[in-house]
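Worksheet: one structure, shown below.
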Amino acid sequence: MSDTILLVVDIGNTNTSVGIFDYGGSEGSLAQHWRITTHREQTSDELSITLNALFEQEKRSADEVTDVIISSVVPPLVPVWERTCTKLFDRPPQVVGPGMKTGMPLRYENPREVGADRIVNAVAAYEIYGGPIIAVDFGTATTFDCVSEAGEYLGGVICPGIHISMEALFERASKLHRVEIARPKAVIGKTTTGALQAGLLYGYAGMVDAMVDRIRDELGQPARCIATGGLARRIGEESEAISEVVPFLTLDGLRILYEKNRHGSGHR
């Protein structure tokens, strides 16, 4: 493992997170990370140019990469990334999905319905903190994923993401305008901007707290709640339920899944 350079890729609906884990010993450490816009029409040639530019920016080379693992909630982009990885790294990536060893029983009526990113987050949360645990991911959708004390994926909650809600509001209300998601001067807004910021920030923080309370009541245990995703830190500052913000939870989860499955990865 000491010569392993692992590329991890989480393809989301809005953004794609990319990271490099260097294995100087038995465990990998996150050396570089980037967030790029997800383009559904992107070709493998365009993606290759983007990745090469990111590597060059950090004075690294694509030739260093020995293994790749991908999770995706955008199915059409998986073959694009597979072609890109074969071209740049001379190997196809591992793809998180059915048949991959996770070490986590899925207590879901149809396990194939669970998004790959949700499984990755659940595995990482339990591996790092143990259970019971609730992982909240602030992405295009806001998701809550619950893992039992015994390490079973129990299911969760899916809500519209804060940006989705904001865009829907602005599309339907012609007199309202887009605002920065920031702490307003007061909860009771004296301006339209302040009122919108209060509704978005405090409204979502309140939703998170209420949802976590309901989940804990249903579990019958005081499960720890952690958060990840683009707005995790901002919402976490206003939430009473969130105990810790973990910016790279999904990337760490991909590393953990790679390590659980590396013997079958064809590591060169």
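The values are calculated or read from the model by the stated rules, or taken from the named source; none is laboratory data. If you're wondering where the values come from, they're calculated on a predicted model, not measured in any experiment. Here Cβ is always computed from backbone atoms with ideal geometry, including for glycine, and neighbour counts include all displayed protein chains.
Could you tell me which residue of the range 230-263 is surrounded by the fewest Cβ atoms within 10 Å (Cβ to Cβ), considering only residues that are under 30 Å from THR66 (Cα atoms) and polar (S, T, N, Q)?
ASN261
Scan the range 169-187 and report the pairs whose first residue is modelled with pLDDT of 90 or more and whose second residue is surrounded by fewer than 10 Cβ atoms within 10 Å (Cβ to Cβ), with Cβ atoms within less than 9 Å and a gap of 6+ or a chain change.
none
The rows are residues; the columns are (1) among the acidic types (Asp, Glu); (2) part of a strand (DSSP E or B).
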site	(1), (2)
GLU218	yes, no
ILE226	no, yes
GLU238	yes, no
ALA241	no, no
LEU251	no, no
ILE256	no, no
ARG262	no, no
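Please go through (1) over 30 Å from ASP63 (Cα atoms); (2) without any contact (Cβ under 8 Å) to a residue 24 or more places away in the chain; (3) within 20 Å of the chain's Cα centre (by Cα) for PRO247 and return the number of the only condition it doesn't satisfy.
Of (1) over 30 Å from ASP63 (Cα atoms); (2) without any contact (Cβ under 8 Å) to a residue 24 or more places away in the chain; (3) within 20 Å of the chain's Cα centre (by Cα), only one is false for PRO247: (1).
For every residue, the table says whether it meets (1) without any contact (Cβ under 8 Å) to a residue 60 or more places away in the chain; (2) not basic (Lys, Arg).
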| position | (1), (2) |
| --- | --- |
| LEU6 | no, yes |
| ASP22 | yes, yes |
| GLY28 | no, yes |
| GLU56 | yes, yes |
| LYS59 | yes, no |
| SER71 | no, yes |
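From the set of residues in the range 217-229 that are in contact with a strand residue (DSSP E or B) (Cβ under 8 Å, 6 or more places away or on another chain) and over 26 Å from ASP22 (Cα atoms), which is surrounded by the fewest Cβ atoms within 10 Å (Cβ to Cβ)? Give the steps one after another, and end with the answer.
Of all residues in the range 217-229, those in contact with a strand residue (DSSP E or B) (Cβ under 8 Å, 6 or more places away or on another chain) come to 219, 223-229.
From the residues that got through so far, the ones that are over 26 Å from ASP22 (Cα atoms) too are 219, 223-225.
Values: LEU219: 16, ALA223: 20, ARG224: 19, CYS225: 25.
Filtering the range 217-229 for residues that are in contact with a strand residue (DSSP E or B) (Cβ under 8 Å, 6 or more places away or on another chain) and over 26 Å from ASP22 (Cα atoms), the one surrounded by the fewest Cβ atoms within 10 Å (Cβ to Cβ) comes out as LEU219.
Just name the residue that is farthest from TRP81 (Cα to Cα) out of those in the range 16-29 that are at pLDDT below 95 and not in a loop (DSSP other than H, G, I, E, B). Let's see the steps before the verdict.
First, pick out the residues of the range 16-29 that are at pLDDT below 95: 22-29.
Add one more test, that the residue is not in a loop (DSSP other than H, G, I, E, B), and what stays is 22, 29.
Details: ASP22: 21, SER29: 23 Å.
It comes out as SER29.
So PRO75 clears everything in (1) in contact (Cβ under 8 Å) with a residue 12 or more places away in the chain; (2) assigned to a loop (DSSP other than H, G, I, E, B) except one condition, right? Which one?
Answer for PRO75: the failing condition is (1).
Filter the range 38-67 down to the residues that are farther than 26 Å from THR140 by Cα and touching a strand residue (DSSP E or B) at 6+ places or on another chain (Cβ under 6 Å) and list them by number.
GLU58, GLU64, VAL65, THR66, ASP67
Could we say that ILE36 is under 25 Å from PRO98 (Cα atoms) and in a strand (DSSP E or B) here?
No, not satisfied.
Under the condition of being assigned to a loop (DSSP other than H, G, I, E, B), of a type in the set (A, V, I, L, M, F, W, C) and closer than 16 Å to ALA232 by Cβ, which residue from the range 178-207 is farthest from the chain's Cα centre (by Cα)?
Once the filter is applied, the top-ranked residue is ALA182.
Only one of these is buried (at least 16 other Cβ atoms within 10 Å of the Cβ), part of a helix (DSSP H, G or I) and either over 14 Å from the mean Cα position of the chain (by Cα) or assigned by TED's automatic domain parsing to the domain that holds ILE164 (or both): ARG91, ARG112, ARG118. Name it.
Within the list ARG91, ARG112, ARG118, the selection yields ARG118.
Given the conditions (1) within 28 Å of TYR153 (Cα to Cα); (2) free of Cβ contacts under 8 Å to residues at least 60 places away in the same chain, report the number of the one that THR43 does not fulfil.
(1)
Just a yes or no: is a residue in the range 126-142 charged (D, E, K, R) and part of a strand (DSSP E or B)? Show your work before the answer.
From the range 126-142, those charged (D, E, K, R) are 127, 137; that's our starting set.
Those still in the list that are part of a strand (DSSP E or B) too: 137.
Looking for residues that are charged (D, E, K, R) and part of a strand (DSSP E or B), one finds at least one in the range 126-142, hence yes.
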